[in-house]
Amino acid sequence: MLDEALALFFRAPSSFTGEDVVELQCHGGAATMRAVFEAVIAEGAVPAEPGEFSRRAFMNGRLDLLQVEAIADVIHAGSEASRRLAQQHLAGGLSKAVDALKAPLAELMMLVEAAIDFSLEEHVYSISADEIVARGQPVADGIEALLGTWDAGRMKRDGVRVAIVGRPNAGKSSLLNHLLGQDRALVTEVAGTTRDYIEEVLQLDGVEYRLVDTAGLRSSDDRIEAMGVARAREVVRSSDAALVVIDGHAPGALQEICEAVEGLPVVLIINKSDLGAAVIATEGFAAVATHALSLSTGHGTEALPGLLRALAEAAGYAPGDESVLLTRARHRRVMQDALDAMRAALSAAAADLGHELVALDLRLSLDALGSMTGAVTSEDILHRIFADFCVGK
Ligand code: GDP
């Protein structure tokens, strides 16, 4: 007698994995768990690998690859937005969108291949270049449209990356601390103290922000600080948006900052309003909003959540949008392959290069769409996806 426990039997094929499964629900306690574990191992059970149950469910056709990824995303979801998106993918939302592109593409490929097979006989069947383009173009457009959702999807899954940028001492660290409500970043009066950068996650109204405090953007003789500045530029380049902090009392030259954030949606925070305002040339910034506040007194800081939200939306984050979105780099890569092949097929058709070439590219495009849901996927990619899981999931 090791424990009095509950045993649940899930009969194949209706279990999660599609196999017969017995689940033992024991009382907690390390010694009891260990004793039960050793007993079942002695009877021939083997410990699960990371992602083992999801892998078995995938292999047995209970889940496709997009749904497997969605399970990992449900487990890791930090924000309400990412949770909802993961649930939508788990329910098959993205798989359906991909299948809706696959079906007409498969039909087109079949028609082209039939035309090749019959071409030697007496024109039993043929398909014109015009018809190939007429049928293929909507598929290409559909793939392109889905590809276009990647930024919005990535921001929902991984958070909106916002760089906090400004001259030394403008109040960047103070702003980060204020937003996080804790003294995470070092605030000092010595210019250039934030030598590397700090990334913090902020959950606000269901949205996840990755706030990155950069070192003061300015040329520096100090070698370590100069490295920090180079990193800052890198961080800004890989961000979705920027919060530019300006010392409203002593703004200094803003040209470098302006250049660093070029092309990103920007909100200008004119800080230190308690010290009185100087005239600031902000025309150079294509700012979504400009707001004066004091991080010392807290005056005007109540607007910050709304400003962050506006910034995220300017970056392409669509809060109420429940449509299907690509979320992972894998999705983007695979869909780009599908689009490239589709475009090659269409131009081969338009240039009358022959049905064989068209069929080849259509096949490549179809394979790429297939690898989205895992219809054709290499062992290596599967391994990488399942490695993301915790043991037993
Ligand atoms: P950073 O170098 O841009 O990260 O700037 P910090 O956040 O470290 O702030 C630099 C200095 O400005 C610190 O001494 C802060 O206390 C001060 N400071 C920050 N915000 C305000 C403000 O609103 N008013 C005043 N008077 N001082 C501020």
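Test of understanding: among V279, V324, which residue is in a loop (DSSP other than H, G, I, E, B) and free of Cβ contacts under 8 Å to residues at least 12 places away in the same chain? Spell out the reasoning first.
Details: V324 fails: free of Cβ contacts under 8 Å to residues at least 12 places away in the same chain.
After applying the criteria, what remains is V279.
Answer yes or no as to whether V266 is of a type in the set (A, V, I, L, M, F, W, C) and at pLDDT below 85. Can you show your working first?
Details: of a type in the set (A, V, I, L, M, F, W, C): yes; at pLDDT below 85: no.
In short, no.
Do we find a residue being outside the structural domain of A134 (by TED's automatic domain parsing), among the charged types (D, E, K, R) and closer than 30 Å to Q67 by Cα anywhere in the range 297-309? Give the derivation first.
Quick first cut of the range 297-309, residues outside the structural domain of A134 (by TED's automatic domain parsing) only: 297-309.
Right, trim to among the charged types (D, E, K, R) and you get 302, 309.
Among the residues that remain, those that are also closer than 30 Å to Q67 by Cα are: 309.
Yes, because at least one residue in the range 297-309 is outside the structural domain of A134 (by TED's automatic domain parsing), among the charged types (D, E, K, R) and closer than 30 Å to Q67 by Cα.
Restricting to the range 281-324, what's the tally of residues that are within 16 Å of the ligand (Cβ to nearest atom) and surrounded by fewer than 16 Cβ atoms within 10 Å (Cβ to Cβ)?
6
Could you identify the single residue in G306, G276, G263 that is at positive phi and within 32 Å of the chain's Cα centre (by Cα)?
Values: G306 fails: at positive phi; G276 fails: within 32 Å of the chain's Cα centre (by Cα).
Only one candidate qualifies: G263.
Would you confirm whether or not the range 231-240 contains a residue that is within 13 Å of the ligand (Cβ to nearest atom), crowded, with 18+ Cβ neighbours inside 10 Å and modelled with pLDDT under 90? Please lay out each step first, then the result.
If we filter the range 231-240 for residues that are within 13 Å of the ligand (Cβ to nearest atom), which is where we start, we get 232.
This time we only want the ones that are crowded, with 18+ Cβ neighbours inside 10 Å, so: 232.
Now restrict to residues that are modelled with pLDDT under 90: 232.
Yes, some residue in the range 231-240 is within 13 Å of the ligand (Cβ to nearest atom), crowded, with 18+ Cβ neighbours inside 10 Å and modelled with pLDDT under 90.
From (1) outside any helix (DSSP H, G or I); (2) under 17 Å from I164 (Cα atoms); (3) among the charged types (D, E, K, R), pick out the condition that doesn't hold for R309.
Answer for R309: the failing condition is (1).
Please enumerate the residues belonging to the range 73-88 that are surrounded by 21 or more Cβ atoms within 10 Å (Cβ to Cβ) and either of a type in the set (A, V, I, L, M, F, W, C) or at pLDDT 95 or above (or both).
Correct list: A81, L85, A86.
For the range 328-342, state whether one or more residues are in contact with a strand residue (DSSP E or B) (Cβ under 8 Å, 6 or more places away or on another chain), closer than 30 Å to G263 by Cα and not in a helix (DSSP H, G or I).
We begin by selecting, within the range 328-342, every residue in contact with a strand residue (DSSP E or B) (Cβ under 8 Å, 6 or more places away or on another chain); these are none.
Scanning the range 328-342 turns up no residue that is in contact with a strand residue (DSSP E or B) (Cβ under 8 Å, 6 or more places away or on another chain), closer than 30 Å to G263 by Cα and not in a helix (DSSP H, G or I).
Output the number of the condition that I246 fails; it satisfies all remaining conditions of (1) surrounded by 18 or more Cβ atoms within 10 Å (Cβ to Cβ); (2) within 30 Å of A368 (Cα to Cα).
That leaves (2) as the condition not met.
Here is a check on your reading of the model: is V112 away from the ligand (no atom under 16 Å from the Cβ) and touching a His at 6+ places or on another chain (Cβ under 6 Å)?
Details: away from the ligand (no atom under 16 Å from the Cβ): yes; touching a His at 6+ places or on another chain (Cβ under 6 Å): yes.
Criteria met by V112.
The values are calculated or read from the model by the stated rules, or taken from the named source; none is laboratory data. What you see is a predicted model, and the numbers here were worked out from it, not measured in a lab. Neighbour counts run over all protein chains shown; Cβ positions are idealised from the backbone, glycine included.
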